[in-house]
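> After the structure tokens below, expect a handful of questions from me.
The values are calculated or read from the model by the stated rules, or taken from the named source; none is laboratory data. From a predicted model like this one, the values you see are computed outputs, not experimental measurements. Don't worry about glycine lacking a Cβ; one is built from the backbone with ideal geometry, like all the others, and counts go over all protein chains shown.
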Amino acid sequence: MTDYHFNFSYIWKHFDRLINGLLLSLELALISIVIGAIIGLMLAIIYIDFGRKYKLFIGIYVELIRNSPLLLLIYLVFYGIPSIGGFEYSSTTSFVITLSIYASAYLIEVFRSGLSAVEQGLIDAAKAIGLNYLQRLIYVRIPTMFRIALPSMSNTYISLFKDTSLASVIAVPELMYGAQWINFNTFRVIEVYAVITPMYLGVGFVILVLLRQLEKKYRVDV
Amino acid sequence: MEEAISSIPHLIEGLSVTIQVTLLVVFFATVIGVILGVFITYGSKYIKYIIRIFTDFVRGIPVLVLIFFVYYGFPAIGLNLDNFVAAVVALTIFKTSHVIENTRGAIESIHFGQMEAAKSIGLDFKRRLIFVIFPLAIRRFLPPWINSVADTAKGSALVSLIGVVDLMLAMQKVIGRTYEPMPVYIVGLIIYVLINYSLSATSRKLESKYRFN
């Protein structure tokens, strides 16, 4: 240690920025996983149930998004698309769009393996009591799939929560942006990171524990 | 479109920095990660505990926090790192925690009978590891390891935020001159996807090749 003097008073003075940022981070991750799950579920069903020709497109979609850096996707959606489309959206909207698409690419895989893990006997039983395709999907396959996919989904949520830190690069006022704001205005760098690191860790841990309870409750033995 | 083509030399310069960062990070993370991974599997209770805290801590925070902390935070305690070095250090810390877990998973997947058999023919611990466990475990280690190489190439885009002129920042600079974001982003996207896709495809291929029955 050199002669660095810790001074947390500036952090507490601007602590509301961090708290609001944290709440926004959680919210962004939640909205994105919901939208991502809807897109991912539809694409996963198409992938499994509707013929070969869609598989290629969905495969390209998944590989394209999973193999490019999230930072690049964020820039592309925020700066790139409005520049050719001639419209604008707020940084928060653009980030939610990006993160939802990003989440959907990961969730397709999760749902695809979840749907294929639904026991054939269950689907046959649903057929036997006369449910049609849509009813089988809504009442039997999707609910069972969600119970199988829950652990992977909670991991995805936590990693999305951490990924929201990237929203700071386009000035979405989430936790990381709050931290940087304090850095640039008070230069209390170490103190800021000493505060937000436990915030990320603690919140991530609490979410993990809560989701593990949920998983235990809805666990199915495949 | 012309801008996109004329920007390619700049992008290639950036790409070479991205590749340098990736290779350095992968090298250091693999060396440190495998050693710590052996310790976490065979070490005493306390060593396991310490390494476990390290991996859970590092994996629990966003990489961006780690990068900014190393670059902006370390100078305050007297460690002034160049931005390139800071980027490599931060990403290495992050990647090491993944390699530790890969190593642990790979070693633990080997049946304990192998270890016992090696003991019974009188090999000491070092030889048991080198001649019995490692050759078996490497098949389990390789596919996730290649995935994490691809992940590093992807994650290295974040170093642009502390001013390292990698592919990402080279793109931003070109855009700053041409004001035509879309073509440049698409070229960049294609470069990243090509690198990462080839790596992850290799990983999948090895995984199916090395599957034990």
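> Which count do you get for residues in the stretch B:72-119 that are more than 22 Å from B:Lys154 (Cα to Cα), surrounded by fewer than 20 Cβ atoms within 10 Å (Cβ to Cβ) and β-branched (Val, Ile, Thr)?
2
> For the stretch A:133-151, state whether one or more residues are surrounded by 18 or more Cβ atoms within 10 Å (Cβ to Cβ) and within 14 Å of another protein chain (Cβ to nearest Cβ).
No, the conditions are met nowhere in the stretch A:133-151.
> As an exercise: evaluate A:Val169 against (1) over 22 Å from B:Gly155 (Cβ atoms); (2) modelled with pLDDT of 90 or more and give the number of the one condition it does not meet.
(1)
> Against the condition over 17 Å from the mean Cα position of the chain (by Cα) and surrounded by 22 or more Cβ atoms within 10 Å (Cβ to Cβ), how does B:Ala153 come out, does it pass? Outline the logic, then answer.
Numbers: over 17 Å from the mean Cα position of the chain (by Cα): no; surrounded by 22 or more Cβ atoms within 10 Å (Cβ to Cβ): yes.
The answer is no for B:Ala153.
> Conditions first: (1) within 11 Å of chain B (Cβ to nearest Cβ); (2) farther than 21 Å from A:Ile31 by Cβ; (3) touching a residue at least 60 places away in the same chain (Cβ under 8 Å). A:Tyr193 passes all but one, so which condition is the exception?
Only one criterion is unmet by A:Tyr193, namely (3).
> Also, quick follow-up: Provide a single number: the residues in the stretch B:156-186 that are of a type in the set (A, V, I, L, M), part of a helix (DSSP H, G or I) and away from chain A (no Cβ under 11 Å).
Within the stretch B:156-186, residues that are of a type in the set (A, V, I, L, M), part of a helix (DSSP H, G or I) and away from chain A (no Cβ under 11 Å) number 3.
> Name the residue, out of A:Arg66, A:Arg17, that is within 14 Å of chain B (Cβ to nearest Cβ) and basic (Lys, Arg).
The match here is A:Arg66.
> Oh, and also: State all residues of the stretch A:114-149 that are without any contact (Cβ under 8 Å) to a residue 12 or more places away in the chain and under 30 Å from A:Lys162 (Cα atoms); if no residue qualifies, say none.
Once the filter is applied, which keeps residues that are without any contact (Cβ under 8 Å) to a residue 12 or more places away in the chain and under 30 Å from A:Lys162 (Cα atoms), the stretch A:114-149 yields only A:Pro143.
> To continue, here is another question. Just to be sure I understand, how many residues within the stretch B:61-93 are under 20 Å from the mean Cα position of the chain (by Cα) and either at pLDDT below 85 or in a helix (DSSP H, G or I) (or both)?
Of the residues in that region, 20 qualify.
> For the stretch A:86-105, how many residues are without any contact (Cβ under 8 Å) to a residue 60 or more places away in the chain, in a helix (DSSP H, G or I) and surrounded by fewer than 22 Cβ atoms within 10 Å (Cβ to Cβ)?
Just the residues of the stretch A:86-105 that are without any contact (Cβ under 8 Å) to a residue 60 or more places away in the chain, to begin with: A:86-90, A:93, A:97-98.
Then keep just the ones that are in a helix (DSSP H, G or I); that gives A:93, A:97-98.
Adding the requirement that they be surrounded by fewer than 22 Cβ atoms within 10 Å (Cβ to Cβ) leaves A:93, A:97.
Counting residues in the stretch A:86-105 that are without any contact (Cβ under 8 Å) to a residue 60 or more places away in the chain, in a helix (DSSP H, G or I) and surrounded by fewer than 22 Cβ atoms within 10 Å (Cβ to Cβ) gives 2.
> Residues in the stretch B:128-145: is at least one touching a His at 6+ places or on another chain (Cβ under 7 Å) and in contact (Cβ under 8 Å) with a residue 60 or more places away in the chain?
Checking the stretch B:128-145: not a single residue is touching a His at 6+ places or on another chain (Cβ under 7 Å) and in contact (Cβ under 8 Å) with a residue 60 or more places away in the chain.
> Give me the residue from the stretch A:106-132 that is within 20 Å of the chain's Cα centre (by Cα) and surrounded by fewer than 18 Cβ atoms within 10 Å (Cβ to Cβ) and, out of that set, farthest from B:Tyr179 (Cα to Cα).
A:Ser113
Condition check ((1) within 18 Å of A:Leu30 (Cβ to Cβ); (2) in a loop (DSSP other than H, G, I, E, B)) across all residues:
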{"position": "A:Pro173", "(1), (2)": "yes, yes"}
{"position": "A:Met176", "(1), (2)": "yes, no"}
{"position": "A:Gln180", "(1), (2)": "no, no"}
{"position": "A:Thr197", "(1), (2)": "no, no"}
{"position": "A:Val206", "(1), (2)": "yes, no"}
{"position": "A:Gln213", "(1), (2)": "yes, no"}
{"position": "A:Lys216", "(1), (2)": "no, no"}
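> Still on this model: Given (1) modelled with pLDDT of 95 or more; (2) away from chain A (no Cβ under 14 Å); (3) surrounded by fewer than 23 Cβ atoms within 10 Å (Cβ to Cβ), identify the lone condition not met by B:Tyr42.
(1)
> A further question on this structure: Just to check your reading of the model, which residue among B:Glu2, B:Glu13 is acidic (Asp, Glu), touching a helix residue (DSSP H, G or I) at 6+ places or on another chain (Cβ under 7 Å) and surrounded by fewer than 21 Cβ atoms within 10 Å (Cβ to Cβ)?
Just a single option satisfies the conditions, and that option is B:Glu13.
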